[in-house]
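Written out below as structure tokens is the structure these notes cover.
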Amino acid sequence: KYQQYNKKAIEYFGTIIILVNNAGYGYCVVVEEGDMQDISTLFETNVWGLVALIKKVLSSMRKQHRGIIVNVSSHASMESGYKKCFRIVNRSIKETESLGIKVMIVKPGALKTDFTGRSLTQSFMVIEDYKLTTMMNGIY
């Protein structure tokens, strides 16, 4: 999908100077409770989707010697695997700054959005032993 949007954007605007990656969702789960397909889909969206979009615009930005990549994260209290990957991806593209491409992570903090509605999922399996520890960490 993003290939066609990238092509349309370049056709319409002539170039892409700014990329804002704001797509993603949360999956509140303890590893043992998590469904492997759900975990895979989370990484596909929140990590590999991020990488794919960055890859689509970098060659154009590199040729122009300018561009801005803004990756939107969150201040959620739960640290998760995909967030660590998110930060690693951001660190790895910092090398583009010498080519005139700026990279930043934006953590907007508490905003009134529908994130906890349509963008936050949970596991269908709940293991009682984890309820106390996960409640203390704000997962349930």
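A short reminder: the numbers here are calculations on the coordinates, not readings from a lab. Note that this is a predicted model, so its numbers are computed, not measured. Using ideal geometry, Cβ is built from the backbone for each residue, glycine included, and neighbour counts are taken over all protein chains shown.
Karplus-derived 3J(HN,Hα) values for segment 40-45, using 6.51 cos²θ - 1.76 cosθ + 1.60 with θ = phi - 60°, are 4, 5, 4, 5, 4, 7 Hz; glycine and proline are entered as x. Write down Rg/Rh for segment 33-77, rounded to two decimals, with Rg from the C-alpha atoms and Rh from the Kirkwood relation over Cα pairs. We get a ratio of 1.15 for segment 33-77. When peptides 7-18, 92-103 are ranked by their average number of other Cβ atoms within 10 Å per residue, the highest-first order is 92-103, 7-18. Which pairs break 28 Å Cα to Cα here: K8/K83; K63/K84; K55/K84; K55/K83; K8/K84; K56/K84? Violating the 28 Å Cα-Cα cut-off are K8/K83; K63/K84; K8/K84. Applying the Karplus relation 6.51 cos²θ - 1.76 cosθ + 1.60 with θ = phi - 60° to segment 89-103 yields 3J(HN,Hα) values of 4, 4, 5, 6, 8, 4, 4, 6, 4, 5, 9, x, 9, 8, 10 Hz, where x marks Gly and Pro.
Dividing the convex hull volume of the alpha carbon atoms of segment 1-49 by its residue count gives 77 Å³ per residue.
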